[in-house]
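Please read the structure below before turning to the comments.
The values are calculated or read from the model by the stated rules, or taken from the named source; none is laboratory data. From a predicted model like this one, the values you see are computed outputs, not experimental measurements. Neighbour counts run over all protein chains shown; Cβ positions are idealised from the backbone, glycine included. The accessibility values were calculated without ligands, DNA or RNA, using every heavy atom of the protein model including side chains. Shrake-Rupley method; radii C 1.70, N 1.55, O 1.52, S 1.80 Å.
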Amino acid sequence: MIGTYVSAALICAASLLLGRAILAASGRESWSWLEPAVGFAALISVAGLLVRLPGGGVTATIGLLALGALGLAGLRIPYRLDGALATGAAVSLVLVAVLSIPFAISGRWGLLGVGFNNDLGLHLAWSEWLRSGFGPEPDRGYPLGPHGIAIATALVPGVNLGKAFIGELQAITILTGLTALGALRGLGGIRRVLAATLVAVPYLAASYFAQAAFKETAEALFVLAFATALPAVRSLPGGGRERFLVLAPFGVLLAGIVFSYSFAGLAWPLAIAALWGLSLPGMRRALRPRLLLRSLARPATLVWIAGLAAAVAVLAFAGPFGFAGGFGKVAGTGTYGPVFAGEALGVWPAANYRLDAAGGAPFAGLAVAVALVAIGVGVTWWLRRGEPVVPIALSACVLLYLVSLPFSGDYSQAKALMIGSPLAMLIAARALLSGPGDGWRRSSGSSGLSRFGWAALAAAFLAGAAYSTFLVLREAPVGPPGHGAELRAFVGELQGDSVLFAGQDRFAAYELLGADTDVPLVEFPDEEVIQSPTKPFDTGDAYSPIDFDSFTYRTLNHHSFVITGSAAWNSHAPPNFREIDRTRSFILWRREGWTARDRQTLLEGTEPAAPVHCAAPESRIFVAQGGRASVFPTPVIGPKSGWRGGAAIGTGQSTSQSLRLPAGRWHLSLQYFSPIGLTLRAPGFRRHLTAALDGQRPNTISLANDGQYWPAGEISTRKAGPVRFTLSAADPSTLQALSGYDGEAEIGRLVATPRRPHRTVPLARACGRWLDFYKGPGAP
């Protein structure tokens, strides 16, 4: 865990030093709260540019070290801190404490977002490819600035890629809080720290932090910095060099946007600049048709327009930074439910921001009403003070969101809401914490009533916003060691070799760093991993558990090793695979020879086998074709709906169901998805199951997915009859009990398989059995 904070401190320090050097070079002698964002944008830009060049991660690391040296050189330039050090340190420490809530309540350090949004697993794997050449190659044109920073930070002893990425997430949030201080002038010490903290982690920003999303939080940081710095360019100096120095920090911010969010992120600063420009009388005069045409007819103006258009075309469609294709693929996609626009206002008392607006949060109407009044009052307060730029910036964000509605899906719309949420919080928090002022009280007609109403609104909004953020961070999924930690036991045998992970864990490639690992991903298909048509990963209404039957023979032949789960209720290995290592939950197989192409399966759905019901005419025709079949010993399957206490249990709760087992010895396999430890009990039997999220799609979100099958122990029965199994969740820790932690374990099927090997029988004798695979003339 210390490595995470070290990573965050290094990135913040480098950003502050480099930002100071850049602004000092542009002629600013006194401290500016624009420096944190400008410095981080410079880091992102250099890393994103160099990481695509030959040498990848090494090249980016060398470039960032050179930037660090430039930042240190900036220390020799004298400037005035003007009390910034104490205020900045206070904001940073408060935010470190706030961002530690998920780890404190879960009682462990781990990767954020595991099982809720598993994109970080792919980004970790991409970073390993940039660093070593192993694993999946990043998508063409994807902005890789954050990856380059994480790779460089991971060189520090005790900091691995996972800690570096989580540290970078924390650094982005801290830098956002520091940047907000520039727009919070006039507030006292405690109020200023409180406001900066809320601006850094409003409800949606906290939600994106909790799912380890760095693109959106970085974009929000740069948009906030761009908007709050715009008044500095109200009157540009006449000389070209002087204008360049004033505008240079804005150019760095725009570059940071491109290399962290892609070219599409430029829409926000451009929209803000356009609306703000229209508020200036001089700009409105310049846009009169006659003057505008005269300006556009100038050769220099035409050259600038052509150059800008060419640059945008290159950024969007050409070269290693052309992310237009990838952006287009995801722009219209949906999340697991529409994100209600009111969530961007900061008060939304629900831990899951993806819940539908209807009934998605308690007192939803009241929460939105309080937030709307607070922001309405805040906009009026800012305008009366003659500071329109932040309200204008929020208006631009609202406009972009509205324009995007007909053309984008829930996924992109949620991003748009998140990017504007710090601006909404800044408008409300600064106004409410500053007080109404004399002008407001005179217009209200009653200073006493104004003060009381203002205080009541401030208390309701600020408390509601803080509570909403706390709910998100309290329930933030922190990946437990779980099953994934066992994968590291295989790393020594897999260095540099190609390995196929047969499971749903999106973080498996990260656990197997150093191996050339391919993971089946529905969201980001891998050309080396082709799913079997009879057992696809995504069946349309569920994500199937993955085993040998899930892949084509060509996919198996492409890899030297395969890792599968060790549960008994999993498909049997082809004969050319030999088990060479095993942990409690996984088996490592080595391929020896070629996988036969005549291994076929029935439509298995979400099971490792399919029952052959010969009462159906098509099944009788199928088994009559001849051939050989590998069949399971008859299992006893307890359905998800059979759990008497429900298929979801919280800390300290239990659920049970009975299986009617004949006498004998039985392997137990269980589907579960849990942030807390579990214990499975039966008469004479007890088995502890470690907390495990495994980067799977959680049952509460992903339709009918019940996860992989995991070994759950072995039980002996002396006589036939029902056996009652009870599954209990661990008791809550002190912090979990005090905070009201609501984490739940999701339970799927419980399967008892006789402790007997698979049998190979003539296909004609497969009737009434569970068929794993067969070799025959064709499919039924």
Do any GluC sites (Glu not before Pro) in the range 558-611 lie in a loop, going by DSSP, with at most 13 other beta-carbon atoms within 10 Å of their beta carbon, and if so which?
592
Looking at the range 619-692, which trypsin sites (Lys or Arg not before Pro) are in a loop (DSSP not H, G, I, E or B) and have at most 16 other Cβ atoms within 10 Å?
644
Binned Cα-Cα distance frequencies in the range 599-644 - 5 Å width, integer %
5, 15, 22, 26, 16, 8, 5, 3, 1
Counting only other residues whose beta carbon sits under 12 Å from that of residue 144, what net charge do I get with K and R as +1, D and E as -1?
+2
Around residue 497, with a cut-off of 11 angstrom between Cβ atoms, what is the net charge of the other residues, counting Lys and Arg +1 and Asp and Glu -1?
0
Taking only protein heavy atoms and a 1.4 Å probe, the highest-to-lowest accessible-area order of 543, 467, 208 is 467, 543, 208
How charged is the neighbourhood of residue 660? Take every other residue with its Cβ under 14 Å from the Cβ of residue 660, and add Lys/Arg as +1 and Asp/Glu as -1.
+2
Just for the Cα atoms in the range 470-534, what are the lengths along the principal axes, largest first, rounded to whole Å?
43, 33, 17
With 10 Å bins from zero, work out the P(r) of the range 530-658 over every alpha carbon pair and list the percent per bin.
10, 32, 35, 17, 5, 0
Students sometimes get this wrong: rank 758, 688 by accessible area, probe 1.4 Å, all chains present, largest first.
688, 758
Those chymotrypsin sites (Phe, Trp or Tyr not before Pro) from the range 566-673 that are DSSP loop and have at most 13 other Cβ neighbours within 10 Å turn out to be 594
Using a 1.4 Å probe on heavy atoms of the protein chains only, the accessible area for residue 774 in Å², nearest 10, reads 0 Å²
Straight-line reach only, C-alpha to C-alpha below 19 angstrom: list the lysines that residue 535 could link to, leaving out same-chain residues fewer than 8 apart.
775
Accessible area of the range 22-65 with a 1.4 Å probe: how many percent of it is carbon plus sulfur?
70 percent
Taking a straight Cα-to-Cα line shorter than 17 Å from residue 415, and setting aside same-chain aspartates and glutamates fewer than 8 residues away, one finds 119, 216, 219, 343, 356
